[in-house]
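Derivation of every value follows stated rules applied to the coordinates shown; laboratory data play no part. Note that the coordinates shown come from a computational prediction; the quantities given were computed from them, not determined experimentally. Positions of Cβ are backbone-derived with ideal geometry, glycine not excepted, and every protein chain shown enters the neighbour counts.
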Amino acid sequence: MKVIDHIRQAKDTLVSFEILPPLKGKTINSIYDHLDPLMEFKPSFINVTYHRSEHVFKKKLDGTFEKVEVRKRPGTVGICASIMNHYHVDAVPHLICGGFGKRETEDALIDLHFIGIDNVLVLRGDAAKNETYFEPHAEGHRYASELIKQVVDLNSGIYLEEDIRDGFRTNFCIGVAGYPEKHFECPNLEIDLKYLKNKIDLGAEYITTQMFFDNKKYIEFVEKCREAGIDVPIIPGLKPITNKKQLSIIPRTFHVDIPTDLSNEIMKCKTDDECKKVGTEWLIQQSKELKAFGVPVLHYYTLGSAKVIYNVVKEIF
Ligand code: FAD
């Protein structure tokens, strides 16, 4: 079922989770171990992130280095199929531009359609680890908006091979990313919202936000989206702080602020367990407020924090 239909049919705020494919070498059981306890909350859907390959330098026997391309977290399509089969819950694969050509993407979309997936979260992806700026694949897309067009085309039966006539039409519900604290490459929120609106005008049906730790930022973002004519559901993305290192890692990686009250409390903690307690309480409070505000879904980024998320969601649903 489509995310947008889950939202339309819901009488109250829904819950959803986001997971990363495990590092290459691990089995699907690592996903089940992670998700099993969270299934108690009957998530409406589970997002699975998508990852490009990276260049790494491997030392050879003669002491020189060889540059090789490694995809550390493959498996998004297979994990989505496993989630649907194992839990009978909708899976939402992410799809990125970076590192992928249009043909590869079309094939991935066909695979997703064949296994019964109704949703895709369409993203640009970040710059490769060895690049300062995002560089599109030579035969790929520069912006998420271009990838949306490809999915919309496939939904209309238009394939890259022009000689395919009467090809089946996929029927993907398209979600996109939004940034309450603006995307870091964009000069200001107004311009970012212009591009966000473009993604909606092209066919995206809902937005999932970057994480934020101050609900005011989300609420103001929703208001500004509405003023800009963006009227689709805006799902808040939520993550707990669980250790002191995250006070610098999260702003550096995700370009979001951590409120002073939260950072002060984390700074006082002597152990990770104390940090987790503070992070759990903060996220419970955030979730309660957002639910009262009437958000369509509370979407939790679960990486490395499944237990904390469990303790939070238990208090909310
Ligand atoms: P876009 O919408 O393409 O925007 C990128 C930048 O370009 C923005 O600054 C925007 O303002 C600007 N822009 C857009 N259109 C134009 C235009 N026509 N002309 C000029 N500028 C333009 N990354 C992964 O690699 N895998 C994942 O699974 C993944 N999941 C994510 C899930 C969520 C909910 C979020 C919020 C992010 C996720 N990311 C993921 C990270 C994401 O790929 C990065 O934040 C990326 O830098 C931007 O992606 P986007 O889809 O927002 O890009």
For this session: Just subtract the alpha-carbon distance of Asn29 and Asp62 from 0.36 nm times their residue separation and send over the number in nm, one decimal.
Result: 8.0 nm
Problem set entry | Top of Leu112, Leu38, Leu23 by mean-square fluctuation, Gaussian network on the chain, Cα under 10 Å | Leu23
Problem set entry | Sites matching trypsin sites (Lys or Arg not before Pro) across the range 132-237 that sit in DSSP coil, with at most 15 neighbouring C-beta atoms within 10 Å | Arg142, Arg165, Arg169
Exercise. Can you give the Kirkwood hydrodynamic radius for the range 188-317, in Å, rounded to one decimal and based on Cα pairs?
Worked result: 15.6
Exercise. Any idea what % of Cα-Cα pairs in the range 156-222 are farther than 14 Å?
Worked result: 66
Exercise. Among the trypsin sites (Lys or Arg not before Pro) within the range 11-93, which fall in a DSSP loop and have no more than 16 other Cβ atoms within 10 Å of their own Cβ?
Worked result: Lys11, Lys24, Lys26, Lys60, Arg71, Lys72
Problem set entry | Among Ile249, Ile174, Ile31, residue whose mean-square fluctuation peaks in a GNM of the chain (springs only between Cα atoms under 10 Å) | Ile249
For this session: With N denoting the number of residues in the range 1-154, provide Rg(C-alpha) divided by 2.2 N^0.38 Å, to two decimal places.
Result: 1.17
Exercise. Within a Cβ distance under 10 Å of Glu315, other residues only, what is the Lys/Arg minus Asp/Glu net charge?
Worked result: +1
Seminar exercise, completed: With Cα springs under 10 Å, the Gaussian network model of the chain assigns the largest mean-square fluctuation among Pro233, Pro136, Pro259 to Pro259
Problem set entry | Compactness of the range 192-263, expressed as Rg and Dmax over alpha-carbon positions, Å | 14.0, 41
Exercise. So, counting K/R as plus one and D/E as minus one, what does the shell of residues with Cβ under 13 Å around Gly167 add up to?
Worked result: -4
For this session: Please list the non-local residues whose amide H lies under 5 Å from the amide H of Val295, H modeled 1.01 Å from N, same-chain partners needing a gap of 5 or more.
Result: none
Exercise. For Lys277, which lysines qualify as cross-link partners when the Cα separation must be under 26 Å and same-chain residues fewer than eight apart are set aside?
Worked result: Lys42, Lys216, Lys217, Lys239, Lys244, Lys245, Lys268, Lys288, Lys291, Lys307, Lys314
Exercise. For the range 106-180, what is the charge dipole size about the Cα centre, in debye to the nearest 20, if Lys and Arg each add +1 at the Cβ and Asp and Glu each add -1 at the Cβ?
Worked result: 360
Exercise. When Lys and Arg each count +1 and Asp and Glu each count -1, what net charge do the other residues less than 14 Å away from Leu290, Cβ to Cβ, add up to?
Worked result: 0
Problem set entry | Where Rh is the Kirkwood radius over Cα pairs, Rg/Rh for the range 82-221 | 0.99
For this session: Report the chymotrypsin sites (Phe, Trp or Tyr not before Pro) located in the range 51-159 that are in a DSSP loop and have at most 13 other Cβ atoms inside 10 Å of their Cβ, or state none.
Result: Tyr133
For this session: Please express the shape of the range 3-316 as an equivalent ellipsoid: the semi-axes are the square roots of 5 times the eigenvalues of the C-alpha gyration tensor, given largest first in whole angstrom.
Result: 30, 25, 21
Seminar exercise, completed: If Asp163, Asp33 are placed from fewest to most neighbouring beta carbons inside 10 Å, the sequence is Asp163, Asp33
Exercise. Which aspartates and glutamates have a Cα less than 16 Å from the Cα of Lys276, not counting those fewer than 8 places away in the same chain?
Worked result: Asp261, Glu265, Glu315
